[in-house]
Amino acid sequence: MSSGLKSRSFQITKTEWYIIIAFILLPFVFDFSPYFQGLLIFVLIWVMLGSSWNLLAGYTGLVSFGHAAYFGIGAYAAALPYYHFHISPWWGLLTGGLVAVIFGYLLGIVVFRLRGPYFALGTLASAEILRLIFGEEDWLTNGHNGILYMTTWVSKYPYYFIGLILALGAVFSIKAIMNSKAGFYFLSIREDEDAAEALGINAKKYKNISTVISTFWAGIAGAFYMIYMGFIDPEVVFALHNISIITILVGIIGGVGTIWGPALGAAVMVIVQEMFRSAIFGLAPSWVSRMHSLVFGLLVIFVILYMAGGILGDWNLITKKLKFLKRNQGK
Amino acid sequence: MTILRLEKLTKNFGGLTAVNNISLEVQEGEILGLIGPNGSGKTTIFNLINQYYKVSSGKIFLEDVEITNLKTYEIARLGIGRTFQVVKPLKRLTVEENIMAAAFSNSNSFNAAKKSAKEVIDFCHLRDVAHMKAGSLPIGGRKRLEIAKALATKPKVLLLDETAAGLNPTELDTAIEIIMKIRDDLGITIVIVEHIMKVIMNISDRIHAIAYGTTITSGKPEEVAKNKTVIESYLGSDYASGGIANA
């Protein structure tokens, strides 16, 4: 971040064009396997969720442990009109984000009174409360039976490209914001809320702005998940571990407070998870498949201990160490 | 013209009265020194002016507009900048980014903020360290950054809270030079809390002395320095009556 203040005004860099082109080509590379294409779509969903979390936690210092709340709300915003009135879930791509924003704002009234670890606990609790409510209120949500919807296409391609547009929308909208006044204000609040106020920054207002944008993309991710998967239930979309915690891990591994960190973290997370869940594609004994939580936990411990900035945040450090190792091997 | 006025300002923390019925006026363009022994309430007065603490009773006026119950950020916007005794750099941002964050209070554009940050950086001798992370600055730089951030908000009144503490003699001279330039070149009114007498006696036009939260005297630096109550509150009544000096 610190390097190249000159390039700080918004533009798409060369590297970013390469990334975009690579992502456009990737599904065709995996044309032979809808399974791999499906994994790619999951990467895109995690890019949205991770970036959304990163704006709030990485850039504004509001570490949310309950991003599943907004994801789930987005998913149900797509699913409920379909369940009750047979309105297409595709509308969720418009409404999911907005409904999540409204929920985020309401939850914010409560959780923004809390700071630090209490804020984290407050967000965690709010997601759990939603999970329980959506699980119990059968008349509204069909409870634990969930909501089923026949997906529009069998082919993965349309989903992939819609997901790609959304994921890039999340990443680049956040990049644009971080190059603006609001971005600087988010960072100031993260570093020291009192000092920020003394600089004339309305901390409450800018925390709300950050929340609005963050919850919007989390809601969109949830709606897209519903549209793509065709099935949701409260245990899945409001999951503490599988959504809230994994979202944090995606952010941490890729690099908290970096534009592309969550995208990288999303890719690493999906690869690791899938490798272990499938027991290295069936090559390893079956007990390996039960290890993926453990391995992911170890990975996080490693990252926090040795590269707290995540892969992108500590990129310079990592390359330096690699060069050092190479030099020593040469001797 | 009076730019900042405190009227019978009082702050209670439970049973303790940290600031007791203090009234003072700051004239436009002057440097007012605020002195007093440790715990006499100097920093508390600053914290009351920019509303880190709620005022228990009394009123505060900026240019005859009452600002007593506004929010901290609103007061900053109206034109009271402050530095903190315990410096508060935005650690993981560079010096330039720190100052830009402050400069955004006067503009919405990235380029304008960057331009006005650049002026402040030069003014405060921070050019060499502009791209360093604020958290890795040595204390001298941090103190100057603290001033720079406050300046970038384009204040009318600047409250400086021990900006010279912990500096070596060279840094001290730079700090004094910067503070004088802020008043002389930028025309910003300054209220300064300082323990280093070299600084406060040299740069203040007027000094307001407090002890135990109440005003003991105010006037020209040389008058205040000779005031018996001031000497007493700093060095004890023995010294003031000549007891120790004679012993």
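Values quoted throughout were computed directly from the atomic coordinates according to the rules given, and no laboratory measurement underlies them. This is a predicted model, so every value here is computed, not measured. We place every Cβ from the backbone using ideal geometry, glycine too, and count neighbours over all the protein chains shown.
A few notes on this one:
- Rg ratio (alpha-carbon, reference 2.2 N^0.38 Å) - segment B:26-73: 1.23
- Relative exposure of B:147, B:80, A:318, judged by other C-beta atoms within 10 Å (fewest first): A:318, B:147, B:80
- Once the Cβ-Cβ distance of residue B:177 and residue A:21 is raised to the sixth power relative to R0 = 56 Å, the FRET efficiency obtained is 0.55.
- Springs join every pair of Cα atoms under 10 Å in this Gaussian network model of chain B, and among B:12, B:108, B:227 the largest mean-square fluctuation is at B:108.
- Note, ³J(HN,Hα) from phi for segment B:195-202, Karplus 6.51, -1.76, 1.60, rounded to Hz, x at Gly and Pro: 9, 6, 5, 4, 6, 5, 6, 6
- For the peptide B:143-156, the mean number of other protein chain Cβ atoms found within 10 angstrom of a residue's Cβ is 1.
- Across segment A:224-235, computed HN-Hα scalar couplings (Karplus, 6.51 cos²θ - 1.76 cosθ + 1.60, θ = phi - 60°) run 5, 4, 4, 4, 7, 7, x, 8, 9, 9, x, 5 Hz from first to last residue, x flagging Gly and Pro.
- Gain on full stretching of the segment that runs from residue B:38 to residue B:53 - 0.36 nm per residue minus C-alpha separation: 3.5 nm
- Translational diffusion coefficient (Stokes-Einstein; Kirkwood radius from C-alpha pairs) of chain A at 25 °C, 0.890 mPa s, in µm²/s: 119 µm²/s
- Using θ = phi - 60° in the Karplus curve 6.51 cos²θ - 1.76 cosθ + 1.60, the 3J(HN,Hα) couplings for segment A:123-129 round to 5, 4, 4, 5, 5, 5, 4 Hz; x is entered for Gly and Pro.
- Between residue A:289 and residue A:194, the C-beta separation translates, for a Förster distance of 60 Å, into a calculated FRET efficiency of about 0.75.
- Across B:154/B:181; A:14/A:175; B:143/B:198; B:181/B:226, pairs whose alpha-carbon gap is larger than 22 Å: B:181/B:226
- Antiparallel bridges, percent of DSSP beta bridges restricted to the protein assembly as shown (to nearest 5): 60 percent
- Here each label is just a point 7 Å from Cα along the line to Cβ, and for residue A:318 and residue B:186 those points are 4.2 nm apart.
- Long-range HN-HN contacts of residue B:217 with modeled amide H, under 5 Å: B:209
- Shape class of segment A:1-110 from the Cα gyration tensor (axes a ≥ b ≥ c, square roots of the eigenvalues): oblate, since a/c reaches 1.5 or more and a/b does not exceed b/c.
- Sparse packing (at most 10 other Cβ atoms within 10 Å of the Cβ) combined with a DSSP loop state is found for the following chymotrypsin sites (Phe, Trp or Tyr not before Pro) in segment A:89-162: A:153.
- For residue B:30, nonlocal amide neighbours, meaning residues 5 or more places apart or on other chains whose placed amide H falls under 5 Å from its own, are B:190.
- GluC sites (Glu not before Pro) within segment A:91-170, DSSP loop, no more than 13 other Cβ atoms inside 10 Å: A:137
- Mean partner shielding of peptide B:101-107, defined as the number of other chain Cβ atoms within 10 Å of each residue Cβ, is 6.
- Hull-based mean projected area of the protein assembly as shown, where the convex hull spans the alpha carbons, in square nanometres: 35.2 nm²
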